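Read the structure below first, then the notes.
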Amino acid sequence: MASSPVKQHKFLLDESEMPTRWYNIVPDLPAPPPPPLHPGTHQPIGPEDLAGLFPMDLIAQEVSTERYIDIPEEVQEVYRLWRPSPLYRAHSLEKALGTPARIYYKYEGVSPAGSHKPNTAVPQVFYNARAGVKKLTTETGAGQWGTALAFACSLFDLECEVWQVGGSYDAKPYRRTLIETFGGTVHRSPSRLTEAGRAFPEDHTGSLGIAISEAVEVAAQREDTKYALGSVLNHVLLHQTVIGEEALLQLAKAGETDVDLVIGCTGGGSNFGGLCFPFLREKMAGRINPEIRAVEPASAPSLTRGEYRYDFGDTAGLTPLMKMHTLGHDFVPDPIHAGGLRYHGMAPLISHVYELGLMTATSVDQTACFDAAVRFARTEGIVPAPEPTHALAVAIQEALACKETGEEKVIVTALCGHGLLDLAAYEAFLAGRMTDSGLSEEDLRTALAAVPAIG
Ligand SMILES: *Cc1c(COP(=O)(O)O)cnc(C)c1O
């Protein structure tokens, strides 16, 4: 496969590459994941405990042990607006690096929200609409999830109310405008509208944990209102498997029969799980043997430095307790530019897969990420969102290592969003104003002290 002009980067795409089923990894794992626990009784929760927040179809998916779940025709129809998403080979980047490695990236920036988030927003809103729900509340960090949910709500005629993490609300006004353009309402979190928000000063920079508490509090008060989460939960990871399923089909079409490394960035773990789980299925079946690696920011390192414990998903402790890699539910990460990765916990399913030894994890500082991002933009012509630059930084590192060893590794990653609304971050980087903020042992210990003493 010699280097070829830009036009030929794109594989031929047709609808046969669009899966009609989501893949649930749970029945294929050597051990079942630990159950979520009731925040009050610490007993495993049942479906009825979640019924106030989610419609039954989604709860059923959350606890499903079926290997495949059919994608409703109505959802497929919306997916077809941008799916299958393209899988590109990074010919120009490879050439610039002088590497014998072959780098492929699955580009999710082509969606209406500019990220992978609509892959789950659309089915979540569909199932809520079918259950007669009139309004959804949610949180958003970088603004991507709020945008995706507002878009999906506009398609199925639901109201959408979004609590945006304060720091990102202030720094990314265009995200708010985008959410409003799709018909959503946006509040700066911590807001004065909820008890959870009023527990913090109004000018607090906020966190995903606080914003989740606010959205959950409001949804719990009304019969016709439910809550939607853009990451972390099993059903979210399930919906995202369209990314990996398409990538497998597209790689096969490109004549790639083996894959050495699958890399994804992890905030709550949804784009990573969505890309990697189908590859992991093939690996567990002995058909391919790639290393599967998560990359997280050095300032929110839940997998690499957090503890595997039962903890809350939010700051106020309103959610069920989930066994996951956590930095402590009231941990407030430094306001790095990859807002989508500033979460204290990791999806319980990813945490479980990690504990089973089926994947590896590493962390990267943000300046190294933007260094990779600029290299990528200048060769491939796409400005990446700050989140996937974590995976790109490692992909580039690996490709450079191949240059030393002469290995023709096949590297696959998800470019899970574009960065056209993140130009302030690029501006800071290009002007030399971007700094790295690690996480001190002391801050980590303080945050972990808040984790409840269970299991
Ligand atoms: C939300 C978001 C993330 C982080 O969420 P995951 O669940 O870990 O995927 C990463 N990248 C982008 C572009 C996002 O919008």
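Every read-out reported here was derived from the displayed coordinates using simple, explicitly stated rules and does not represent laboratory data. These numbers come from a predicted model, not from an experiment. Neighbour counts run over all protein chains shown; Cβ positions are idealised from the backbone, glycine included.
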Practice task
Whole Å is fine, so just give me how far the alpha carbon centre of region 178-212 lies from that of region 43-108.
Solution key: 27 Å
Practice task
May I ask for the net charge around T185, where only other residues with Cβ less than 9 Å from the Cβ of T185 are counted and Lys, Arg are +1 while Asp, Glu are -1?
Solution key: -3
Fill in the blank from the handout: Scoring only Lys, Arg, Asp and Glu (+1, +1, -1, -1) among other residues with Cβ under 13 Å from the Cβ of S270 yields -1
Completion exercise
The size of the Cβ-based charge dipole (Lys, Arg +1; Asp, Glu -1) of the chain about the Cα centre, to the nearest 20 debye, is 740 debye
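Loop-only trypsin sites (Lys or Arg not before Pro) in region 119-222, please: DSSP not H, G, I, E or B, and at most 16 other Cβ atoms within 10 Å. Each step should come with its number before you reach the end.
Details: sites: R130, K134, K135, R175, R176, R188, R192, R198, R222; in loops: K134, R192, R222.
Answer by residue number: K134, R192, R222.
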Practice task
With everything on Cα atoms, drop me the angle between helix 208-220 and the longest principal axis of the chain, reported from 0 to 90° to the nearest 10.
Solution key: 50 degrees
Practice task
Would you mind checking which residues have amide H under 5 Å from I71's amide H? H placed 1.01 Å from N; only 5 or more apart, or other chain.
Solution key: R21, W22
Fill in the blank from the handout: Quick shape check on region 357-455: root eigenvalues a ≥ b ≥ c of the Cα gyration tensor, a/c under 1.5 is rounded, otherwise prolate if a/b tops b/c, else oblate, and it reads oblate
Problem - Fewest-first sequence of M346, M322, M434 by Cβ atoms within 10 Å of each Cβ - result: M434, M322, M346
Exercise for the section: Calculate one ³J(HN,Hα) per residue across region 251-256 by plugging θ = phi - 60° into the Karplus curve 6.51 cos²θ - 1.76 cosθ + 1.60, and present them in order as whole Hz with x for glycine and proline. Expected result: 5, 4, 5, 7, x, 8
Handout entry: Cα lying deepest toward the dipole's positive end in region 36-92, options W82, S92, Q61, charges on Cβ
Key = S92
Fill in the blank from the handout: For T120, T367, T241, ascending order of other Cβ atoms within 10 Å (fewest first) is T367, T241, T120
Exercise for the section: Provide, as a two-decimal number, the C-alpha radius of gyration of the chain over 2.2 N^0.38 Å, N being how many residues it has. Expected result: 0.91
Exercise for the section: Please work out whether region 307-374 counts as rounded, prolate or oblate from its C-alpha gyration tensor, where a ≥ b ≥ c are the square roots of the eigenvalues and a/c under 1.5 means rounded, while otherwise a/b larger than b/c means prolate and anything else oblate? Expected result: oblate
Handout entry: Farthest toward positive dipole pole in region 282-390 [+1 Lys/Arg, -1 Asp/Glu at C-beta], among L356, Y343, A316
Key = L356
Exercise for the section: Name the lysines eligible as straight-distance cross-link partners of K323: C-alpha to C-alpha under 26 Å, and not fewer than 8 places from it in the same chain. Expected result: K117, K226, K283
